[in-house]
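Here the structure is laid out as structure tokens; the discussion comes afterwards.
Read-outs: derived from the displayed coordinates by stated rules, not from any lab. Remember, predicted model here, so these are calculated numbers, not experimental data. Cβ coordinates were reconstructed from backbone atoms using ideal geometry, including for glycine residues, and neighbour counts include every protein chain displayed.
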Amino acid sequence: MAKQILTDVVVQLNGTSISQNVNSVELTTTADAIETTAFGSAGWRTYQGGLKSGSVTLALHNDYASTALDSILYNLFNSIATVTIFPAGTPVGTSTPKYEFTALVDNVAPVSGAVGDLAVQNLTWTITGAVNRGTI
Amino acid sequence: MASITELREGIAANLATIPGLRTAATIPDNPNPPIAIVQLNRVQYHQDFKRGMTEYNFAVQVVVGRVDERSAQQRLDLYCSSTGEYAVGLAIESDRTLGGKAFDCIVTEMTNYGSVLISDVTYLAAEFNVRVLAS
């Protein structure tokens, strides 16, 4: 597929799939822009890449049932979790990659919403270490 | 995974707890009031990845006879109330899993209180919007 509509994204936390409670996911990686401007740069600033970092943002539909999403997240609070995202689903292949990394679960939102709203958790976690893109 | 028919029947079963109110899980040709008719308005797919959740919006039309306009309105008022044994909202939410077929449901609002023409007969009716979350 040249273009793709996201429907079957798989999101795993420590190997457990939470995909069916995930409404949206965003993995962002950035690198520091280290300025290297010097005389002779023809009046233009120049940069090179520095330290890399990332974050993952999840929009989740909460489930308070025993061993369901809420308990999974709350038990991970203030710990490091392995997050694996399969944007094109499984199995992994050259055109169905996976992104794997560890993140600091430094925030959870067990209750969020007004009367009549769907119970949600909108979370952004800081990635600690490398983000690996795998195709096998 | 719930079928639309199962969700309709679940709503109708909850409505059947209201004394004297007939229920129809599908649209009847000739309704016999007072009757609550369950109609599907909208389906929103892919609310979660891997078809984890679908959102269904049903319209429950409650129709009462209009032989005596004053008593018809009084009866419909009872159905529109937020409390009491005739409250449609309370009845639908009496089992929010609709017999175990839905994640949850809520009656969000009542609209379109007024006259309706069905098979050349004028009735008094009100419409209740029901939001159902299911797989």
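Of everything in segment B:57-75 that's farther than 16 Å from B:V116 by Cα and touching a residue at least 60 places away in the same chain (Cβ under 8 Å), which residue is nearest to the other protein chains (Cβ to nearest Cβ)?
Checking each candidate, the answer is B:N57.
For segment B:78-126, give me the residue count where each residue is among the charged types (D, E, K, R) and part of a loop (DSSP other than H, G, I, E, B).
The qualifying residues number 4.
Got at least one residue in segment B:23-35 being within 14 Å of chain A (Cβ to nearest Cβ) and touching a residue at least 12 places away in the same chain (Cβ under 8 Å)?
no
Can you list the strands (runs of 3 or more DSSP E) lying wholly within segment A:44-136 that have 3 or more residues being exposed (fewer than 14 other Cβ atoms within 10 Å of the Cβ) and in contact (Cβ under 8 Å) with a residue 24 or more places away in the chain?
Those strands (runs of 3 or more DSSP E) span A:120-134.
Checking B:T54 against (1) of a type outside the set (A, V, I, L, M, F, W, C); (2) in contact with a Ser or Thr (Cβ under 8 Å, 6 or more places away or on another chain); (3) surrounded by fewer than 15 Cβ atoms within 10 Å (Cβ to Cβ); (4) closer than 30 Å to A:I5 by Cβ, only one condition comes out false. Which one?
All conditions pass for B:T54, except number (3).
Can you work out which of the residues in segment B:2-49 that are of a type in the set (S, T, Y) and touching a strand residue (DSSP E or B) at 6+ places or on another chain (Cβ under 6 Å) is surrounded by the fewest Cβ atoms within 10 Å (Cβ to Cβ)?
We begin by selecting, within segment B:2-49, every residue of a type in the set (S, T, Y); these are B:3, B:5, B:17, B:23, B:26, B:45.
Still in the list and also touching a strand residue (DSSP E or B) at 6+ places or on another chain (Cβ under 6 Å): B:23, B:45.
Working: B:T23: 21, B:Y45: 9.
Checked segment B:2-49; the qualifying residue surrounded by the fewest Cβ atoms within 10 Å (Cβ to Cβ) is B:Y45.
So, in segment B:61-77, exactly how many residues are surrounded by 11 or more Cβ atoms within 10 Å (Cβ to Cβ), of a type outside the set (V, I, T) and outside any helix (DSSP H, G or I)?
3
From B:T54, B:T108, B:T83, which residue is without any contact (Cβ under 8 Å) to a residue 24 or more places away in the chain, within 13 Å of chain A (Cβ to nearest Cβ) and hydroxyl-bearing (S, T, Y)?
Exactly one of B:T54, B:T108, B:T83 is without any contact (Cβ under 8 Å) to a residue 24 or more places away in the chain, within 13 Å of chain A (Cβ to nearest Cβ) and hydroxyl-bearing (S, T, Y), namely B:T108.
Exactly one condition in (1) touching a Ser or Thr at 6+ places or on another chain (Cβ under 8 Å); (2) more than 14 Å from chain A (Cβ to nearest Cβ); (3) assigned to a loop (DSSP other than H, G, I, E, B) is false for B:H46; which is it?
Single failed check for B:H46: (2).
So, of the residues in segment A:2-26 that are away from chain B (no Cβ under 14 Å) and in contact (Cβ under 8 Å) with a residue 60 or more places away in the chain, which turns out to be nearest to A:L73 (Cα to Cα)?
Looking at residues that are away from chain B (no Cβ under 14 Å) and in contact (Cβ under 8 Å) with a residue 60 or more places away in the chain, I get A:N14.
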